[in-house]
Amino acid sequence: MKETTAIAHPNFALVKYWGKKDSNQNRPAMSSISITVDSMQSKTKIFKNTQSNCHRLFINGMEETDLSKILPSLFYLSEISKSDDYLIIQSENNFPTSSGLASSASGIASFVTAYGAHYELNLGLRDRIEACILGSGSAPRSLIGGFVLMDHNNNYSCTQILQKADWPVDVLICIASEETKEISSRQGMEISKRTSPLYQDWLGANEKHISLALKAIKEKDMGRLEKVTEENCNFMHEVMKTSKPSIIYMNDVTHSCVAEIENLRASGHKLFYTIDAGPQVKIICDPKSTNTIKDTITHGTDVIDIIHAGLGESPRIIDED
Ligand code: DP6
């Protein structure tokens, strides 16, 4: 039986979106800038379900009962393929799932890539963006490698700002907890949009943060990228905190990692952090400082693990035979 497998990598936002324009179409209310990383990946295999009349999704070998993220993408794609096949979808992540490490972005991007190849659809980027966004608002960014802009003023176009060879920064992902988060990003964003007194200011700051980060990336200016990335991250966490109920994703390990990052910076290392809807700390750094940063964080905090990555590529089909 025909099987198709694709790999896609997670992406981490330096300028984040937190809030949807309309929750039906799952469209972000603002633009974002991200980096796609290399050593973390989702690998998704699809084939026809010949045993039952339903789609079945397995993540890391366990069957999922909630298909609400993947089905909108699948329905979009089956309109194009005109296929009424029921599918078995098997997805594996080589990193913790649902803990703020963008597993849905890489999972959806790998599924969309596998589906397009399986039905030989020759999809353009526009259709792949549409299919991805219906599954996860940040997934379209995983369609592109390196530094990526997703522009909400231009129908969520995704463009590469720089590729890995242009500016080969390192990324260290500090795992502060492997527990599944209690409030999903989707729920959290809805709460913040409805209740945070800072939400309008947060929306208003997006354009400025995007243009500052774009300039810093194009000029490969670590200092200016640090400033806007950390300001944007801390603003988003303030929006979360001031929501009702208050949403707090960081834990004590997160805070001790940030303290060590500040110490390292004070002693001359070039690095900065960002934190998403989970306690993990993502560090972007000059590769010259990677080993010192790893040693310092490992010894100075209670991190469970540190994943070392570089900038990654766009999704690809793999031959598993
Ligand atoms: C904090 O795009 O993962 O990581 O559409 O529900 O899958 P869903 O949400 P998602 O939210 C991302 C939130 C964020 C910021 C970002 O990546 O821009």
For this session: Working only within the stretch 139-193, note down all residues that are more than 13 Å from the chain's Cα centre (by Cα), among the β-branched types (V, I, T) and more than 21 Å from K215 (Cα to Cα).
Result: I175, T180, I183, I191
Exercise. Based on what the data block shows, is I318 at pLDDT 95 or above, within 30 Å of L121 (Cα to Cα) and under 22 Å from the mean Cα position of the chain (by Cα)?
Worked result: yes
Exercise. Checking G137 against (1) open to solvent by 30 Å² or more (accessible area, probe 1.4 Å); (2) outside any helix (DSSP H, G or I), which test does it fail?
Worked result: (1)
For this session: Test S104 against the criterion of being surrounded by 15 or more Cβ atoms within 10 Å (Cβ to Cβ), at pLDDT below 95, under 19 Å from the mean Cα position of the chain (by Cα) and not aromatic (F, W, Y), and give yes or no.
Result: yes
For this session: Being closer than 25 Å to C132 by Cβ, among the acidic types (D, E) and not in a loop (DSSP other than H, G, I, E, B) narrows it down to one of E260, E226, E207, so name that one.
Result: E207
Exercise. Applying the selection to the stretch 271-300, what residues are in contact with a Lys or Arg (Cβ under 9 Å, 6 or more places away or on another chain), under 21 Å from T36 (Cβ atoms) and among the charged types (D, E, K, R)?
Worked result: D276, D286
Problem set entry | Every residue from the stretch 241-288 that is open to solvent by 60 Å² or more (accessible area, probe 1.4 Å) and within 30 Å of S136 (Cα to Cα) | K241, K244, P245, S246, I248, D252, H255
Seminar exercise, completed: Residue hits (the stretch 174-196; among the hydrophobic types (A, V, I, L, M, F, W, C) and within 26 Å of S39 (Cα to Cα)) are C174, I175, A176
Exercise. For the stretch 107-133, which residues satisfy the criterion of being buried (at least 24 other Cβ atoms within 10 Å of the Cβ), more than 23 Å from A213 (Cβ to Cβ), of a type in the set (A, V, I, L, M, F, W, C) and more than 9 Å from the ligand (Cβ to nearest atom)?
Worked result: F111, V112, A114, A131
For this session: Being over 17 Å from S68 (Cβ atoms) and part of a helix (DSSP H, G or I) is the filter; apply it to the stretch 78-89 and report the residue that is least open to solvent (accessible area, probe 1.4 Å).
Result: S81
Exercise. Within the set of pairs 6 or more residues apart or between chains, which connect a residue that is under 13 Å from C132 (Cβ atoms) inside the stretch 147-164 to a residue that is hydroxyl-bearing (S, T, Y) with Cβ atoms less than 6 Å apart?
Worked result: V148/S34; M150/S32; M150/Y156
Problem set entry | From E92, E130, E120, residue being at pLDDT 95 or above and either among the basic types (K, R) or assigned to a loop (DSSP other than H, G, I, E, B) (or both) | E120
Seminar exercise, completed: Of the conditions (1) closer than 19 Å to S31 by Cα; (2) open to solvent by 20 Å² or more (accessible area, probe 1.4 Å); (3) of a type outside the set (D, E); (4) assigned to a strand (DSSP E or B), the single one that C158 does not satisfy is (2)
Seminar exercise, completed: Matching residues in the stretch 213-232 (surrounded by fewer than 22 Cβ atoms within 10 Å (Cβ to Cβ) and within 16 Å of the ligand (Cβ to nearest atom)) number 3
For this session: State all residues of the stretch 300-321 that are open to solvent by 80 Å² or more (accessible area, probe 1.4 Å) and of a type in the set (S, T, N, Q); if no residue qualifies, say none.
Result: none
Problem set entry | Those residues of the stretch 164-184 which are surrounded by 15 or more Cβ atoms within 10 Å (Cβ to Cβ) and not charged (D, E, K, R), in sequence order | W167, V169, V171, L172, I173, C174, I175, A176, S177, I183
For this session: Please specify each residue of the stretch 182-201 satisfying the condition of being more than 12 Å from the ligand (Cβ to nearest atom) and at pLDDT 95 or above.
Result: I191, K193, R194, T195, S196, P197, L198, Y199, Q200, D201
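The values are calculated or read from the model by the stated rules, or taken from the named source; none is laboratory data. The shown structure was predicted, so the numbers you read here are calculated from the model rather than taken from an experiment. Using ideal geometry, Cβ is built from the backbone for each residue, glycine included, and neighbour counts are taken over all protein chains shown. Calculation scope for accessible area: heavy atoms of the full protein, side chains included, ligands and nucleic acids excluded. Shrake-Rupley method; radii C 1.70, N 1.55, O 1.52, S 1.80 Å.
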